[in-house]
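Student: This is the structure I want to talk about, given as structure tokens.
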Amino acid sequence: MALAAYCNRDKKTIQDEELISRLMCIPLDHQNLCKTQFSQSHLYNIGVDSDAFKQFAGHFTDAIFTKFYREVKKYVKQKLPLLISGGCGLNCDWNSKWLNCGLFDDTFIPPCVNDSGSAIGTAIDAQYYFTGNAKIDWDVYCGQNFNDDIIDIYGLKYEKLNYYNVASALASGDIIGWANGKAELGPRALGNRSILAAPFNKATLTRLNTIKNRESFRPIAPICLQSDAPDIFDINNPSPYMLFFAHVLDKNLQAITHIDGSSRPQTINNAQNSNIYQLLLIFKEITGYGVLFNTSLNFNGKGFINRTSELASYMLQHGLDGFVVNDRFYTKNTSH
């Protein structure tokens, strides 16, 4: 999905077409496919960062979706909502294509569409088995509480959380960790375990990728006031779980604009998450924009961080400018 954004859809080599044709003819139940069978391919061992592989990735994912679409179209006789389940539901490009393909009147993908939703699915199955009713109450913010353990305060200072101070720091270019309440269910950072930054400069994206030690081709995920979303993205419906692509309409928002002009925005309102909503409101007061760069509070090689002491250590080692844990805003103590 991320690599496909770098593809120029107007360019396709004969080699790409031949390889795609070969791959698409392989039966789904084929058991013995291995890399060495493609040792004569023009893509063999060239690396996913190469331009040729990025070109192929875009054309190949398009071919797979087209095959799915043609098969589905045969069986759809009336417009009904589409429910997507399984890890493929994290493919924002395909989700957007299903939403806009004209076969369905709506498309729903739960935030825990991959294996992270197994517990919810098991609970639904048990509820239905014992009662005949499959409906259960659940919330996307139902994970672990952040472990606000005692930390060695050397090198840090903190103050009681003031949204204006955090928003001002973000507006000035700081990159800030944000841990508030329970963790999100599923793989997306939905405003409770996030790293936040201003959405304006490409240099912010470069710096954030360095802090997280993540690949530069990864897609970009802003968080935006639901009421402001249609002015910032070509989006008409709420997108609370960051599972659809939208194109960025404002040229000033370079940090949240991917190579192909897209992003995968999360829209937020006060009822969904009042804390991040208040921060966005004040950031808008300061900058005129109710949108922030938002990526997950995890780091390559470290996994998710869920305790204050670990976050403080990582901040000092890797260059975060500050972090919020519940009602405290931590920053570097420049007096040391």
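The values are calculated or read from the model by the stated rules, or taken from the named source; none is laboratory data. If you're wondering where the values come from, they're calculated on a predicted model, not measured in any experiment. Positions of Cβ are generated from backbone atoms using ideal geometry, with glycine treated the same way; all protein chains shown enter the neighbour counts.
Student: Going by the structure shown, is Lys35 more than 27 Å from Ile259 (Cα to Cα), within 30 Å of the chain's Cα centre (by Cα) and at pLDDT below 90? Walk me through it before giving the result.
Tutor: On the way: more than 27 Å from Ile259 (Cα to Cα): yes; within 30 Å of the chain's Cα centre (by Cα): yes; at pLDDT below 90: yes.
Spelling it out, Lys35 is indeed more than 27 Å from Ile259 (Cα to Cα), within 30 Å of the chain's Cα centre (by Cα) and at pLDDT below 90.
Student: Okay, next question. What are the pairs, 6+ residues apart or on separate chains, where a residue within the stretch 113-124 that is part of a loop (DSSP other than H, G, I, E, B) has its Cβ under 7 Å from a residue that is buried (at least 17 other Cβ atoms within 10 Å of the Cβ) and modelled with pLDDT of 90 or more?
Tutor: So the pair list comes out as Val113/Ile84; Val113/Gly89; Val113/Leu90; Asn114/Leu90.
Student: Right, another one. Consider the stretch 27-59. How many of its residues are of a type in the set (Lys, Arg) and more than 25 Å from Asp93 (Cα to Cα)? Explain how you work it out, then say what you get.
Tutor: Going residue by residue through the stretch 27-59, those that are of a type in the set (Lys, Arg) are 35, 54.
Restricting the remaining residues to those that are more than 25 Å from Asp93 (Cα to Cα) gives 35.
Of the residues in the stretch 27-59, 1 are of a type in the set (Lys, Arg) and more than 25 Å from Asp93 (Cα to Cα).
Student: Checking Ile276 against (1) over 29 Å from Leu83 (Cβ atoms); (2) in a helix (DSSP H, G or I); (3) not polar (S, T, N, Q): exactly one of these is not met. Which one?
Tutor: Of the numbered conditions (1) over 29 Å from Leu83 (Cβ atoms); (2) in a helix (DSSP H, G or I); (3) not polar (S, T, N, Q), the odd one out for Ile276 is (1).
Student: Mind checking which residues of the stretch 316-336 are of a type in the set (A, V, I, L, M, F, W, C), over 22 Å from the mean Cα position of the chain (by Cα) and not in a strand (DSSP E or B)? Explain how you work it out, then say what you get.
Tutor: The first filter runs over the stretch 316-336 and keeps only residues of a type in the set (A, V, I, L, M, F, W, C), leaving 316, 320, 323-325, 329.
When the remaining residues are screened for being over 22 Å from the mean Cα position of the chain (by Cα), the result is 316, 329.
Leu316, the sole residue that qualifies.
Student: May I ask you to verify whether Ser313 is in a helix (DSSP H, G or I) and either at pLDDT below 95 or in the same structural domain as Asp152 (by the TED database) (or both)?
Tutor: Details: in a helix (DSSP H, G or I): yes; either at pLDDT below 95 or in the same structural domain as Asp152 (by the TED database) (or both): yes.
It is true that Ser313 is in a helix (DSSP H, G or I) and either at pLDDT below 95 or in the same structural domain as Asp152 (by the TED database) (or both).
Student: Does the stretch 66-88 include one or more residues that are under 24 Å from the mean Cα position of the chain (by Cα) and touching a residue at least 60 places away in the same chain (Cβ under 8 Å)?
Tutor: No: zero hits.
Student: Given the structure, is Asp234 under 30 Å from Cys101 (Cα atoms) and either out of contact with any strand residue (DSSP E or B) (no Cβ under 8 Å at 6 or more places or on another chain) or buried (at least 21 other Cβ atoms within 10 Å of the Cβ) (or both)?
Tutor: Details: under 30 Å from Cys101 (Cα atoms): yes; either out of contact with any strand residue (DSSP E or B) (no Cβ under 8 Å at 6 or more places or on another chain) or buried (at least 21 other Cβ atoms within 10 Å of the Cβ) (or both): no.
No; evaluated as a whole, the condition is false for this residue.
Student: Given the conditions (1) surrounded by fewer than 21 Cβ atoms within 10 Å (Cβ to Cβ); (2) in a loop (DSSP other than H, G, I, E, B); (3) at pLDDT 95 or above, which single one is not true for Asp152?
Tutor: Every listed condition holds for Asp152 apart from (3).
Student: Within the stretch 78-104, take every residue that is exposed (fewer than 15 other Cβ atoms within 10 Å of the Cβ) and in contact with a strand residue (DSSP E or B) (Cβ under 6 Å, 6 or more places away or on another chain) and give me the one that is nearest to Tyr141 (Cα to Cα).
Tutor: Residue satisfying both the conditions and the ranking: Leu83.
Student: Among (1) under 25 Å from Lys284 (Cα atoms); (2) loosely packed, with under 14 Cβ neighbours inside 10 Å; (3) not hydrophobic (A, V, I, L, M, F, W, C), which single condition is Asn133 missing?
Tutor: (1)
Student: Which of the following residues is over 24 Å from the mean Cα position of the chain (by Cα) and closer than 30 Å to Val72 by Cβ: Gly117, Gly102? Talk me through it step by step, then tell me what you get.
Tutor: Numbers: Gly117 fails: over 24 Å from the mean Cα position of the chain (by Cα).
The unique qualifying residue is Gly102.
Student: Please go through the stretch 237-257 and pick out each residue that is among the polar types (S, T, N, Q) and either crowded, with 22+ Cβ neighbours inside 10 Å or assigned to a loop (DSSP other than H, G, I, E, B) (or both).
Tutor: Asn237, Ser239, Asn252, Thr257
Student: Could you identify the single residue in Tyr241, Tyr289 that is assigned by the TED database to the domain that holds Ile220, touching a helix residue (DSSP H, G or I) at 6+ places or on another chain (Cβ under 9 Å) and not β-branched (Val, Ile, Thr)? Before you say what the answer is, go through the steps one by one.
Tutor: Values: Tyr241 fails: touching a helix residue (DSSP H, G or I) at 6+ places or on another chain (Cβ under 9 Å).
That would be Tyr289, the only listed residue that is assigned by the TED database to the domain that holds Ile220, touching a helix residue (DSSP H, G or I) at 6+ places or on another chain (Cβ under 9 Å) and not β-branched (Val, Ile, Thr).
Student: Filter the stretch 175-218 down to the residues that are in a loop (DSSP other than H, G, I, E, B), within 15 Å of the chain's Cα centre (by Cα) and surrounded by fewer than 20 Cβ atoms within 10 Å (Cβ to Cβ) and list them by number.
Tutor: Pro187, Arg214, Glu215, Ser216, Phe217, Arg218
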